[in-house]
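Some notes on the structure that comes next.
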Amino acid sequence: MRDPIIAAVAFDGISPFHLSVPCLVFGADRTKLGLPRFDFRVCAMEEGPIHTDAGLSIVVPHGLSALDEADIVIIPSWKDLGDPLAAPFKEALQRAHRRGALIVGLCLGTFAIAGAGLLAGRKATTHWAYTDRLQALHPDLAIDADVLYVDDGDIITSAGVAAGLDCCLHIVRARYGAEAALRLARHVVLSPHRQGGQAQFIERPVAPTPNADRFTRALDKVRATLGETHSLDSVADMAGLTRRTFTRRFQNSIGTSFGDWLADQRVALAQRLLEQTDKSMDMVAFEAGFGSATSLRQHFAARLRTSPLQYRREFSRRGGPGERRARASSR
């Protein structure tokens, strides 16, 4: 089985920081973390050196032909947002999409995917400051301006730079399992799991306070005891805050509701239990705090669009690392 091919598209004037996002996640050898060896290719539309907006120049080793073999095509950003795509690039994107490659637009890269006609009638996102412009240029899109990323099956779009990292980790998680994504996040010192539905813009306190420290300790306690019952009132009490103040601070600090965050944490724990153990569905549901296998199935369907049983078949350690990587690469 060949290594998964991932093509990241560079262009004259690209931000090195944007280009570094897929490079960080897919460009290094991560086999020790349980990931396959990716055949990572940076490609460009222009021949010769690429000039970045930071005053650096880079030599890009591949042309657009890399898109014809890629399993995943990533557009880290875009420029000239209202201009038509160059015909060779537009056709290369369309060919990749037709043959089943995953198309990913990070930040303003969504504009390029929309310009290729691949997002008509579909849901997408981009950097919050550019959502109105995207909607004006492509009124047939269903744009969600508030989320970190949108997974629409064969096309994934994300918000700004940090959300691009969340989006790439989401791809790793979806294709290679929660444990591999967690190891990768720890290795590169990233937040291990932020669901796409979290808010793009999150207010944060200017300076730490005793209450903020207690608030953080309360969330850490919840993460360590997900199998126990945790109500909004009980956690607010642990944080030393009223229900109303806790709710407001949680939304401002985390970017979602406490209930959604708690469900996300429990799903992530259930994923790891399904990957690493042979425990029954009832036991996994109990330890993750869902109470019943029925509730576990409902949350997996809503958040992961799969069942716990199918997830275990895809990612269980019982198949061995080589077999798991082969299954993941073939998806």
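The values are calculated or read from the model by the stated rules, or taken from the named source; none is laboratory data. Here the structure is a predicted model, which means the values were calculated and not measured. Cβ coordinates were reconstructed from backbone atoms using ideal geometry, including for glycine residues, and neighbour counts include every protein chain displayed. Remember, those area values only see protein heavy atoms, side chains included, never the ligands or the DNA or RNA. Shrake-Rupley method; radii C 1.70, N 1.55, O 1.52, S 1.80 Å.
Against the condition modelled with pLDDT of 90 or more, open to solvent by 30 Å² or more (accessible area, probe 1.4 Å), touching a Gly at 6+ places or on another chain (Cβ under 8 Å) and over 16 Å from residue 109 (Cα atoms), how does residue 151 come out, does it pass? In short, no.
Scanning region 292-331 for residues that are modelled with pLDDT under 90 and aliphatic (A, V, I, L, M) yields 302, 304, 326, 328. Within region 27-50, the set of residues being within 30 Å of residue 276 (Cβ to Cβ) and in contact with a helix residue (DSSP H, G or I) (Cβ under 7 Å, 6 or more places away or on another chain) comprises 30, 33, 34, 35, 36, 37, 38, 40.
Just checking, which of 87, 112, 70 is surrounded by 22 or more Cβ atoms within 10 Å (Cβ to Cβ) and either over 21 Å from residue 52 (Cβ atoms) or not small (Gly, Ala, Ser) (or both)?
Answer to the selection: 70.
If the condition is being closer than 11 Å to residue 215 by Cβ and part of a helix (DSSP H, G or I), then region 231-251 contributes 235, 236, 238, 245, 246, 249, 250. All conditions in (1) open to solvent by less than 30 Å² (accessible area, probe 1.4 Å); (2) closer than 21 Å to residue 255 by Cβ; (3) of a type in the set (Phe, Trp, Tyr) hold for residue 128, with the sole exception of (1). Among the residues of region 251-276, just one is buried (at least 19 other Cβ atoms within 10 Å of the Cβ), over 16 Å from residue 178 (Cβ atoms) and in contact with a Phe, Trp or Tyr (Cβ under 7 Å, 6 or more places away or on another chain), namely 258.
A quick yes/no check of all residues on (1) under 18 Å from residue 112 (Cα atoms); (2) free of Cβ contacts under 8 Å to residues at least 12 places away in the same chain; (3) surrounded by fewer than 16 Cβ atoms within 10 Å (Cβ to Cβ); (4) not basic (Lys, Arg):
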| position | (1), (2), (3), (4) |
| --- | --- |
| 3 | no, no, yes, yes |
| 10 | yes, no, no, yes |
| 15 | yes, no, no, yes |
| 21 | yes, no, no, yes |
| 26 | no, no, no, yes |
| 35 | no, no, no, yes |
| 40 | no, no, no, yes |
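If the condition is being touching a residue at least 40 places away in the same chain (Cβ under 8 Å) and either over 27 Å from residue 40 (Cβ atoms) or assigned to a loop (DSSP other than H, G, I, E, B) (or both), then region 148-169 contributes 148, 154, 159, 160. For first residues located in region 237-250 and closer than 14 Å to residue 216 by Cα and open to solvent by less than 80 Å² (accessible area, probe 1.4 Å), partners that are part of a loop (DSSP other than H, G, I, E, B) and at pLDDT below 95 and lie 6+ apart or on another chain with Cβ distances below 6 Å form the pairs 246/239. Flag: residue 61 does not match the condition of being within 18 Å of residue 112 (Cα to Cα) and either touching a residue at least 12 places away in the same chain (Cβ under 8 Å) or surrounded by 15 or more Cβ atoms within 10 Å (Cβ to Cβ) (or both). Starting from residues that are open to solvent by 40 Å² or more (accessible area, probe 1.4 Å) and closer than 14 Å to residue 89 by Cα, keep the ones in region 42-58 and report whichever is modelled with the highest pLDDT. That would be 45.
Being more than 18 Å from residue 3 (Cα to Cα) and either in contact with a Cys (Cβ under 6 Å, 6 or more places away or on another chain) or surrounded by 20 or more Cβ atoms within 10 Å (Cβ to Cβ) (or both) is the filter here, so list the residues in region 73-83 that pass it. The answer is 75, 76, 77, 78.
Checking each residue in region 210-225 for being modelled with pLDDT under 90 and either over 14 Å from residue 253 (Cβ atoms) or outside any helix (DSSP H, G or I) (or both) picks out only 210.
Looking only at region 220-236, filter to residues that are open to solvent by less than 30 Å² (accessible area, probe 1.4 Å) and touching a residue at least 24 places away in the same chain (Cβ under 8 Å); which one of those is farthest from the chain's Cα centre (by Cα)?
230
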